[in-house]
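Report on the structure given below.
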Amino acid sequence: MSYQTLIIEKKKDYAVVKLNRPHEMNAISKDMRRELYDAFVDLEIDPEVKAIILTGGEYVFSAGMDVKEMSSMPDEESDEFLKSMMKYLKRIYGCKKPVIAAVGGIALGGGFNLVTICDLVVASESAIFCHPELKFGFNPFFYPLSQIVGMTKAKEIVMLGEPMGANEALKIGLVNKVEPPERFMQVAESMAETLSRRSPKAFEELKNLCSIVPRMDKMAALDIESSICALLFARDERKEQMKEVLFKDKSSRK
C-alpha cells in the first residue's frame, strides 16, 4: 500500500512507521489519521512483523493535531473528525503486537496522545512532551496518561500544560529509556529486535492482561493470570521455545 503521510519500512521481524509531514512538524491531518489506521491494520495481520516502532524522525515526533485544518473545519464535520481520531487511536492502543514509540523532539497534544498509547517509549534527550489543549478550548485525552503516571500527576500535566523534558518524563515513568539524539532510534530498533523473538501469542495475552488486571481485585487478577499461564504452558510453541533457549544456553557454555 502507498502512503502520502507515512513512511513504512519493514526490517527483519519488525516494522518502522514514520510520520512524514516534516514541513508541518508531523501535524496529524485527516489523511494521516486514515493512513495510521490502515497501516496498523496491515501490520497487525502481517505474519512477518512481530513488533512495530512508531516515530517522527530525529527532530520532531508530532506537533499534535493539524490546527490549521481544525480551524477551517465546518461544524457539520466535527462528529466525523472525532470518530476518525478515536478510530486510529483505538487501533494502535489495541494492537496485538508490541508498539514502541521512538520520540525525537516535540510530542505535543495529539502527538503526546500517540506516545501514551504505545507499549514502550524510547526518548531522545531532546524530546519534549506537552498537553496544551486547554489553551485551545478543548480537552486532552486523559485515560492513557493516567494509567501510566497516576491520577495526580496526569492532572498536573493536562491542567497546567507545561512542557516536560525527557529526563523528567523518565523520572515519572512516562518513558522507559532516554538516549542521545544519535542513538535513540538504534536503541528502539534493538528493543524491537528483542521483542520480535518472543512468542506472538504470549505477547497478545500479556497485552490483554496489562489492560484487564488493573481493573480487577487482587485475587481475581491472580486467577486470570494463572489461567492464561496454563493456556500458554500447554502450547507446542512454548515447548519449542524452551528447547531453543536451553540449547543456546548449553552451546554458550561449551
Query raised in the report: So how far apart, in nm, are the two label points at Ser84 and Val41 if each is 7 Å from Cα heading toward Cβ?
Result: 1.4 nm
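Tell me whether region 158-202 comes out rounded, prolate or oblate; compute the Cα gyration tensor, take square roots of the eigenvalues as a ≥ b ≥ c, and use a/c under 1.5 as the rounded threshold. Present the calculation step by step, with values, prior to reporting the outcome.
On the way: a/c = 3.65, a/b = 1.76, b/c = 2.08.
Oblate shape, in that a/c is at least 1.5 and b/c is the bigger or equal ratio.
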Query raised in the report: Quick one: net charge of Ser190's neighbours, Cβ under 13 Å, K/R +1, D/E -1?
Result: +1
Requested in this report: Using the Cα centre as the reference, give the magnitude of the dipole from point charges on the C-beta atoms of the chain (Lys, Arg: +1; Asp, Glu: -1; all else neutral), rounded to the nearest 20 debye.
Outcome: 1080 debye
Requested in this report: For Cys210, tell me the accessible area in Å² from a 1.4 Å probe, rounded to the nearest 10.
Outcome: 90 Å²
Query raised in the report: Do you know the relative contact order of the chain, to the nearest whole percent, from alpha carbon pairs under 8 angstrom that are 6+ apart?
Result: 17 percent
**Report entry** Structure-based [θ]222 nm, the chain - -39500 (n - 2.57) summed over DSSP H runs of at least 4, per residue, nearest 500
**Finding:** -15500 deg cm²/dmol
Query raised in the report: With every protein chain left in place, what is the accessible area per residue of the chain in square angstrom, probe 1.4 Å?
Result: 56 Å²
Query raised in the report: Once log10 I(q)/I(0) by the Debye sum over Cα atoms at q = 0.08, 0.13, 0.15 Å⁻¹ is worked out from the coordinates, which option in [x] -0.29, -0.78, -1.03; [y] -0.34, -0.88, -1.13; [z] -0.36, -0.83, -1.02 does it equal?
Result: [y]
Report summary line: Per its Cα gyration tensor (rounded if a/c is under 1.5, else prolate when a/b beats b/c, else oblate), region 146-227 is best filed as oblate
Requested in this report: Kindly identify region 41-90 as rounded, prolate or oblate by the Cα gyration tensor criterion: order the square roots of the eigenvalues as a ≥ b ≥ c, call it rounded if a/c is under 1.5, otherwise compare a/b with b/c, prolate if a/b is larger, else oblate.
Outcome: oblate
Report summary line: Heavy-atom accessible area of the chain with neighbours in place, 1.4 angstrom probe: carbon+sulfur share in percent works out to 56 percent
Query raised in the report: Given a Förster distance of 35 angstrom, what is the FRET efficiency for Arg215 paired with Asn167, based on the Cβ-Cβ distance and rounded to 0.05?
Result: 0.65
**Report entry** Rounded accessible area of Lys155 (nearest 10 Å², 1.4 Å probe)
**Finding:** 90 Å²
Report summary line: Rounded to the nearest 10 Å², the accessible area of Arg183 using a 1.4 Å probe with every protein chain kept is 90 Å²
Query - DSSP beta bridge pairing in the chain, given as percent antiparallel to the nearest 5 - result: 25 percent
Query - Excluding exposed DSSP-loop GluC sites (Glu not before Pro) (at most 13 other C-beta within 10 Å), longest clean stretch of the chain - result: 49-181
Query raised in the report: Which pairs in the list Lys68/Lys207; Lys10/Lys30; Lys155/Lys177; Lys68/Lys201 are over 31 Å apart, alpha-carbon to alpha-carbon?
Result: Lys68/Lys207; Lys68/Lys201
Report summary line: From most to least accessible, 1.4 Å probe, no ligand or DNA/RNA atoms counted, Ile100, Ile106 line up as Ile106, Ile100
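The values are calculated or read from the model by the stated rules, or taken from the named source; none is laboratory data. All values reported here derive from a predicted model rather than from experimental measurement. In this analysis, Cβ positions are derived from the backbone assuming ideal geometry, glycine residues included, and neighbour counts consider all displayed protein chains. To get the accessible areas, we keep the full protein, side chains included, count just its heavy atoms, and leave off ligands, DNA and RNA. Shrake-Rupley method; radii C 1.70, N 1.55, O 1.52, S 1.80 Å.
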